[in-house]
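Contents: one structure, followed by commentary.
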Amino acid sequence: MSAMVEIRSVHKSFGSVEVLRGIDLEVAAGRVTVVLGPSGSGKSTLLRTINHLEKVDRGWISVDGALVGYRKSGDRLYELREREILKQRTGIGFVFQNFNLFPHLTVLENLVEAPLAVQRRPRKEAEATARRLLTRVGLAEKADAYPRQLSGGQQQRVAIARALALEPKLLLFDEPTSALDPELVGEVLDVIKDLAHQGTTMIVVTHEIGFAREVADTVVFMDGGRIVEQGPPAQVLDHPRHERTRSFLSKVL
Amino acid sequence: MPSDILDAPAVSAAPPGEPDRAAPRIVPRRRTGQWASAAVLLVLLALALVSVVRNPAFQWDVVADYFLTSAVLRGLGLTLWLTAVVMALGFALGTLLAVLRLSANPVLRGIGWGYVWLFRSMPILVQLLFWFNIGALYPVVLGVKTVDLLSPVAVAVIGLTLHEAAYAAEVVRGGVLSVDKGQLEAAQALGLGAGRRLRRIVLPQAMRSIVPPAGNMLIGTLKGTSIVSVIAVQDLLYSVQLVYHRTYQVIPLLLVATLWYVLVTSVLSVGQRHVERHYARGTAGAR
């Protein structure tokens, strides 16, 4: 199985605070990787470096064989132009904790915005795709609603559909259920599970241990800007080798 | 403490001295003071109105005579034209300045800041007189005499626009800053280019906080253009001044100008309400 995402000795600091201290990770195509860890462990930052929303200070990341944000020449990495970075991002869907739907656009307009503007698809085709995606997340009848008229769970499902509209080869989820009322978490996780079963490559940062157990092929546990351990959920969640992982799991379970 | 709150309705459900289960009738408190003060104010207002209408010194017949004369209407036309041009150019330049001030480049940021600082510091009257006399500094530009190049109307447009842009820049910048940072990140994650992000995602949302102060500025500009009468531009105010310099009917002619300003301002206020409703779509306040 080839690596869809390859992360090599990635370092990142915000001012004097080092949030990523040398991350190495491989994600195979078609697999689901769930990243767990306490707040401030650097998991969200790591996710954001994968589509270059944050620049790395050291190391490199490649998605589907292409370096993210840089071009290698000799022993140097040259930062790409904005245009090229934007093009790379269209291959990587990102789902935010706070949904970040565009509130002044209808659900359908949210979904077709990028396909129209970035991929220059004909409007008819983009809208047809958008409606198909909305059906897939169970919101076909909400196409003309504004985001504010939807529940949090519905908004996040729209956000997932919006990320899918560009037909990305990789999906990144940054705590997709953390901003939701407890009774709405399930509907969003169901959509993500459904995508997982269809073989979408994804990396999910979350606090939902049950979801990790059920869906993840690999669970990664991070703490203090490092990966403490990783492996299949049965191993990491039920027989953690590290004390730090054990104490984290004992608190959240 | 939560238990206190939960208990409270249970107690009030059966008020003391009210044995039957039927809901008691609610009698609102009498607001005698409010009624009395409203009545007094209405009487005062009526008295003022009567005195304004009946005082012959206001010369309402003269007001009526001049209200629709072609000189006044021409002045009104110029005032409206000047307001529209200055608002359009001022906000175009102001948006550009706001983008400069929000730029990651410190030099561009500094230039944007410097412009706003300079043109907000200079009284508009001084600025108009300065542009009016620019010929003293640069008598010839590109082989043309500056005096020929800049008519009084051109001076008015330049001076008012540069002034307006400084304020517009702050209004637009405030609007852009009011948009959640996540919106920009979502747009970036979707691969939208910088221009598209600004035009399609940020500015439409910024408009909600831009429109109210912009409406204020529009009305301010409408009346503010009257300052161009000092450089003999024949706007509404200058047109009535020309008449009363001849006829000495100062008060009624100033009333003519005032009534027109009030009329146009009222129309603009109604327009502003509609624009605000348009940009509020998709938000909690939208109907």
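The values are calculated or read from the model by the stated rules, or taken from the named source; none is laboratory data. Predicted, not measured: the structure shown is a model, and the values here were computed from it. Backbone-built Cβ (ideal geometry, glycine too); neighbour counts: all protein chains shown. What goes into the accessible areas is simple: the full protein's heavy atoms, side chains included, and nothing from ligands, DNA or RNA. Shrake-Rupley method; radii C 1.70, N 1.55, O 1.52, S 1.80 Å.
List of remarks:
- Using the Cβ of B:Leu222 as centre and a radius below 13 Å, the other residues enclosed give a net charge of -1, where K and R count +1 and D and E count -1.
- Springs between Cα atoms under 10 Å define the GNM used for chain A, and in it the highest mean-square fluctuation of A:Pro168, A:Pro182, A:Pro115 occurs at A:Pro182.
- Global size of the range B:88-228 as Cα Rg and Dmax, reported in angstrom: 17.8, 55
- Here is the size of chain A from its Cα atoms: Rg then Dmax, 18.2, 55 Å.
- For the range B:175-196, a decrease in accessible area of 40 Å² or greater in the assembled protein chains relative to the isolated chain, with a 1.4 Å probe, applies to B:Gln183, B:Glu185, B:Ala186, B:Gln188, B:Ala189, B:Leu190, B:Gly191, B:Leu192, B:Arg196.
- When +1 charges are put on Lys and Arg Cβ atoms and -1 charges on Asp and Glu Cβ atoms, the dipole computed for the protein assembly as shown relative to its Cα centre reaches about 980 debye.
- Surface composition of the protein assembly as shown: carbon plus sulfur atoms contribute 59% of the solvent-accessible area (1.4 Å probe, protein chains only, all chains present).
- Using a Förster distance of 51 Å, the FRET efficiency for B:Glu276-A:Ala234 (Cβ separation, nearest 0.05): 0.35
- Relative to the longest principal axis of the Cα atoms of chain B, the long axis of helix B:250-279 lies at roughly 60 degrees.
- Net charge of the neighbourhood of A:Ala114, taken over other residues with C-beta under 10 Å away and scored Lys/Arg +1, Asp/Glu -1, is +3.
- Angle in degrees between helix B:2-12 and the longest Cα principal axis of chain B, rounded to the nearest 10: 70 degrees
- Average other protein chain Cβ within 10 Å of Cβ, residues B:198-209: 2
- Note on B:Thr247/B:Asn105: beta-carbon distance plugged into 1/(1 + (r/R0)^6) with R0 of 51 Å gives a FRET efficiency of 0.30.
- Fluctuation leader among A:Asp75, A:Asp217, A:Asp64 - chain A, Gaussian network, Cα springs under 10 angstrom: A:Asp75
- Cross-link pairs exceeding 26 Å between alpha carbons, from the set A:Lys43/A:Lys251; A:Lys43/A:Lys169; A:Lys124/B:Lys181; A:Lys142/A:Lys193; A:Lys55/A:Lys124; A:Lys55/A:Lys87: A:Lys124/B:Lys181; A:Lys55/A:Lys124.
- log10 of Debye I(q)/I(0), alpha-carbon scatterers only, for chain B at 0.11, 0.13 Å⁻¹: -0.89, -1.04
- Computed over protein heavy atoms with a 1.4 Å probe, the accessible surface of the range B:44-158 works out to 62 Å² per residue.
- Estimated vicinal HN-Hα couplings, Hz - the range B:186-198 in sequence order (Karplus 6.51, -1.76, 1.60; Gly, Pro = x): 4, 5, 5, 4, 7, x, 6, x, 4, x, 5, 4, 5
- For the pair B and A, total buried accessible area rounded to nearest 100 Å², probe 1.4 Å: 2100 Å²
- Scanning residues 5 or more positions from A:Val95 or on other chains, those with amide H under 5 Å from its amide H are A:Leu172, A:Phe173, A:Asp174, with H placed 1.01 Å from N in the peptide plane.
- Note that the protein assembly as shown carries a Kirkwood radius of 29.1 Å, evaluated over its alpha carbons pair by pair.
- Angle between chain B longest axis and helix B:106-121 axis [Cα atoms, degrees, rounded to 10]: 90 degrees
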